[in-house]
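Trainee: Sharing a structure with you now.
Derivation of every value follows stated rules applied to the coordinates shown; laboratory data play no part. This one's a predicted model, so the numbers in the text were calculated from it and none came from an experiment. Quick reminder, even Gly has a Cβ in these numbers, built from the backbone with ideal geometry, and neighbours come from all protein chains shown.
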Amino acid sequence: MKLTATMLLLAAALAAQTNTKSALIGTSQGMYAIAKNDITRSAEKIPENLWSFQPTPEVRTIGQLFAHVADAQYEFCGVASEGKAVDKGIEKTAKTKADITAALKEAFAYCDAAYTRMTDASAVEMVGFFGRQLTRIGAMDFNIAHTMEHYGNLVTYMRIKGIVPPSSEPAPGRRGE
């Protein structure tokens, strides 16, 4: 509970510092920044020799998880910015840490641009989303939830390999969680 409250306060602070848009967009953008940071720092932190690690045959490897997150940025942010999911096929084509991290950087830049272009009016427009209707900002928020879901997978993988996840690293004035 304490961590959740801290994350929400951080998101609000990030939104206030980096966004002159409404609280609706700014809060979403702040939460997205946390998810982006956790994923990006994890990709940097995990050595390349572990990118093929797969705890069981039924789950993705570390590299596949990062590539899947990159693909999802286009799918969800595409719905928000273009009104349709964009398929880049990163998980099928990118295989090395260098290729996947480059694709991840481009994918996050795509979502950054979607937030930049979003207005208060466009944020609440309804769009088709996997057979349902939701607001454009709702698609962005779903992206955050999806990204953090897979960050949770990565946290487990990192812990199995003795790596402290970025969100658990001690920060000044805070102890690791």
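Trainee: Just subtract the alpha-carbon distance of S122 and Q54 from 0.36 nm times their residue separation and send over the number in nm, one decimal.
Mentor: Numbers: separation 68, 0.36 × 68 = 24.48 nm, distance 4.05 nm.
Here the answer is 20.4 nm.
Trainee: Hey, what number do you get for the chain at 222 nm if only DSSP H runs of n ≥ 4 count, each worth -39500 (n - 2.57), divided across all residues, to the nearest 500?
Mentor: Details: 7 runs with 115 residues, N = 177.
Estimated from H runs of four or more residues: -21500 deg cm²/dmol.
Trainee: For a quick size check, give me the Cα extents of segment 116-159 along its three principal axes, largest first, whole Å.
Mentor: If we take the Cα atoms of segment 116-159, the spans are 42, 26, 10 Å.
Trainee: Sticking with this structure for a sec: With unit charges on the beta carbon (Lys/Arg positive, Asp/Glu negative), name the residue among A85, Q29, T135 whose Cα is farthest towards the positive pole of the charge dipole of the chain.
Mentor: Q29
Trainee: Another question, if that's okay. What residue among R41, R60, R132 shows peak mean-square fluctuation when the chain is described by a Gaussian network model with Cα springs under 10 Å?
Mentor: R132
Trainee: Right, here's the next one. Let me see the P(r) profile for the chain: every Cα-Cα distance counted, bins of 5 Å, each bin given as a percent of all pairs.
Mentor: Spelled out per bin, shortest first, that is 1, 8, 17, 20, 19, 16, 12, 6, 2, 0.
Trainee: When the distances between all Cα atoms of segment 70-161 are binned every 10 Å from zero, what whole-number percent does each bin get?
Mentor: 17, 44, 29, 10, 1
Trainee: Sticking with this structure for a sec: Give me the dipole magnitude in Debye, nearest 20, for the chain about the Cα centre, with unit charges on the beta carbon: positive for Lys and Arg, negative for Asp and Glu.
Mentor: On the way: 19 positive and 18 negative charges, 72 e Å.
Computed about the Cα centre, the dipole is about 340 debye.
Trainee: Within the chain, which complete DSSP H helices have Cα atoms spanning at least 20 Å along the helix axis and a mean Kyte-Doolittle hydropathy of 0.0 or higher? Kindly include the intermediate steps, with their values, before the conclusion.
Mentor: On the way: long enough: 2-18 (24 Å, 1.31); 23-45 (32 Å, -0.22); 62-82 (29 Å, 0.40); 97-117 (30 Å, -0.03); 136-160 (37 Å, -0.02).
Helices passing the filter in the chain: 2-18, 62-82.
Trainee: If you don't mind, another one. Using the structure shown, select from K21/K105; K45/K105; K45/K84 the pairs with a Cα to Cα distance greater than 26 angstrom. If you can, show how the numbers build up before the last one.
Mentor: Working: K21/K105 24 Å; K45/K105 15 Å; K45/K84 33 Å.
Among K21/K105; K45/K105; K45/K84, the Cα-Cα distance tops 26 Å for K45/K84.
Trainee: Hey, in the GNM for the chain with a 10 angstrom Cα cutoff, which one of K161, K36, K97 fluctuates hardest?
Mentor: Among K161, K36, K97, the largest mean-square fluctuation in the Gaussian network model of the chain belongs to K161.
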